[in-house]
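The values are calculated or read from the model by the stated rules, or taken from the named source; none is laboratory data. Remember, it's a predicted structure, so these values are computed and weren't measured experimentally. Note that we place each Cβ from the backbone using ideal geometry, even for glycine, and neighbour counts take in every protein chain shown. Just so you know, the surface numbers come from the protein's heavy atoms only, side chains and all, with ligands and any DNA or RNA stripped out. Shrake-Rupley method; radii C 1.70, N 1.55, O 1.52, S 1.80 Å.
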Amino acid sequence: MTIYRYEENPLITPLDVPPLHKDHEVIGAFNAGVAKYKDEILLLLRVAERPISTSEETIKAPIIHPETKKLEIITFDRTDPQYDFEDPRMIRLADNLDGFVYLTSLSYIRIARSKDGRQFTVDDKAFLYPFNEYQTFGIEDARCTQIGDTYYVNFSSVSPMGVCDSMICTTDFEHFEDMGNIFAPENKDVLLFPEKINGKYYALHRPSLKSIGNYDIWIASSPDLQAWGNHKHLIGIQQDSWNSGRIGGGLVPIKTEKGWLEIYHGATKEQRYCMGAVLLDLDDPTKVIARTKNPIMEPDAEYEKKGFFGDVVFGCGGLVDGDKLIMYYGVADTSMAGCELSISAILEQLDKEG
Ligand code: MAN
């Protein structure tokens, strides 16, 4: 697959984003949802801020207090044997690595705007800042679907109650209407199809199973974008491959002559993240027509391999211009990059490998 990565990459780095909180540093501006609004391209950035560390011996975890709604910092002693500090993204219980305790940064959604798609200016304020008790650990990884004049934004709400999927809608990217949590924990990577199909809305979602089953992609439908049902397993992880650990929806599905083209992410058990493609039936997107065996994109450039959490390409949105897919994607849980791919080339790969 020929991928044209922009010369300006990474397009937005943490250095381009001044922190909103005093004594904090921005460690990530990544995994952005994408929207075309008026004459601008908007990236709905996930901005991660962490308290600046003042000592090597401690590590700090930021949370929004559920009652006071104020930012609080909890300090851990790095030598405390109760905890595991191996994963830079979180603090876990040493005797139960699945037992999640705190995140080391707080994420929220901030908008970056561009006229040419390469030079972006980041807003001074947040667009979506934790606003309820499901978001005390932050808001992450937005996907944005335009239906008519309304933009629906799906994102992960993270709190000690789990990671659930919430939705807001907006018509101006200034104000929004809260549409609540549409998928219960643990679930991530929710995105809406851009139109009704046979009278129903469709969404992809990714339940994160803890007892039986894998981190696979599911599909659900809804008459009104609120009540989601008819859940079906869409595609699963593949053993011994680039997507053996987990998969999840990536870009808003693209309507092509051959079917709905979904570009999704997949990771190995060691958490190397690539992008793959799956083609779904135009009239019934619960039917899979083809799926690429090999990824369409792998971490390759230096900025994709090295960062806060390296070896990650993570696309949450794109723009279509004829045969050209402009994909904006998070790199190494740190920055944003842009690239262009040919839609017909992706469809050819699906034809060959599917
Ligand atoms: C994983 C990673 C983190 C994220 C948490 C909570 O550990 O995706 O970046 O903050 O989950 O969603």
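Checking the structure you have, find out if any residue of the stretch 303-310 is touching a residue at least 40 places away in the same chain (Cβ under 8 Å), over 17 Å from ILE27 (Cβ atoms) and open to solvent by less than 50 Å² (accessible area, probe 1.4 Å). So far as the stretch 303-310 goes, no, none of its residues is touching a residue at least 40 places away in the same chain (Cβ under 8 Å), over 17 Å from ILE27 (Cβ atoms) and open to solvent by less than 50 Å² (accessible area, probe 1.4 Å). You will find that of ALA61, ALA48, the residue that is in contact with a Gly (Cβ under 7 Å, 6 or more places away or on another chain) and surrounded by 12 or more Cβ atoms within 10 Å (Cβ to Cβ) is ALA48 and no other. I'd like the full set of residues that are in a strand (DSSP E or B) and open to solvent by 20 Å² or more (accessible area, probe 1.4 Å), limited to the stretch 192-201. Answer for the stretch 192-201, where residues must be in a strand (DSSP E or B) and open to solvent by 20 Å² or more (accessible area, probe 1.4 Å): LYS200, TYR201. Is it the case, given these coordinates, that TYR329 is in a helix (DSSP H, G or I), closer than 23 Å to LEU11 by Cβ and in contact with a strand residue (DSSP E or B) (Cβ under 8 Å, 6 or more places away or on another chain)? No: the conditions fail for TYR329.
Here is a yes/no grid of residues against (1) closer than 13 Å to ASN154 by Cβ; (2) in contact (Cβ under 8 Å) with a residue 24 or more places away in the chain; (3) surrounded by 15 or more Cβ atoms within 10 Å (Cβ to Cβ):
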residue	(1), (2), (3)
ASP178	yes, yes, no
PHE183	yes, yes, yes
VAL190	yes, yes, yes
ARG206	yes, yes, yes
LEU209	no, no, no
GLN239	no, no, no
TRP242	no, yes, yes
THR256	no, yes, yes
ILE263	no, yes, yes
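Exactly one condition in (1) open to solvent by less than 40 Å² (accessible area, probe 1.4 Å); (2) in a strand (DSSP E or B) is false for ASN230; which is it? Here ASN230 clears every test but (1).
Does PHE173 satisfy being in a loop (DSSP other than H, G, I, E, B) and of a type in the set (Phe, Trp, Tyr)? Spelling it out, PHE173 is indeed in a loop (DSSP other than H, G, I, E, B) and of a type in the set (Phe, Trp, Tyr).
VAL252 passes every criterion in (1) assigned to a strand (DSSP E or B); (2) closer than 23 Å to TYR37 by Cα; (3) in contact with a Pro (Cβ under 9 Å, 6 or more places away or on another chain) apart from (1). Scanning the stretch 265-287 for residues that are acidic (Asp, Glu) and either in contact (Cβ under 8 Å) with a residue 24 or more places away in the chain or assigned to a strand (DSSP E or B) (or both) gives GLU270, ASP283, ASP284. Only residues that are in contact (Cβ under 8 Å) with a residue 12 or more places away in the chain, surrounded by fewer than 17 Cβ atoms within 10 Å (Cβ to Cβ) and closer than 18 Å to PRO185 by Cβ were counted across the stretch 211-225, and they come to 1. Filter the stretch 332-350 for residues that are touching a Leu at 6+ places or on another chain (Cβ under 9 Å) and not in a strand (DSSP E or B) and give the result. Residues satisfying the conditions are ILE343, ILE346, LEU347, LEU350. Any idea how many residues of the stretch 22-41 are open to solvent by 30 Å² or more (accessible area, probe 1.4 Å) and either more than 24 Å from LEU191 (Cα to Cα) or touching a His at 6+ places or on another chain (Cβ under 7 Å) (or both)? Counting residues in the stretch 22-41 that are open to solvent by 30 Å² or more (accessible area, probe 1.4 Å) and either more than 24 Å from LEU191 (Cα to Cα) or touching a His at 6+ places or on another chain (Cβ under 7 Å) (or both) gives 3.
Test TYR83 against the criterion of being of a type outside the set (D, E, K, R), more than 12 Å from the ligand (Cβ to nearest atom) and under 18 Å from ARG50 (Cβ atoms), and give yes or no. Yes: the conditions hold for TYR83.
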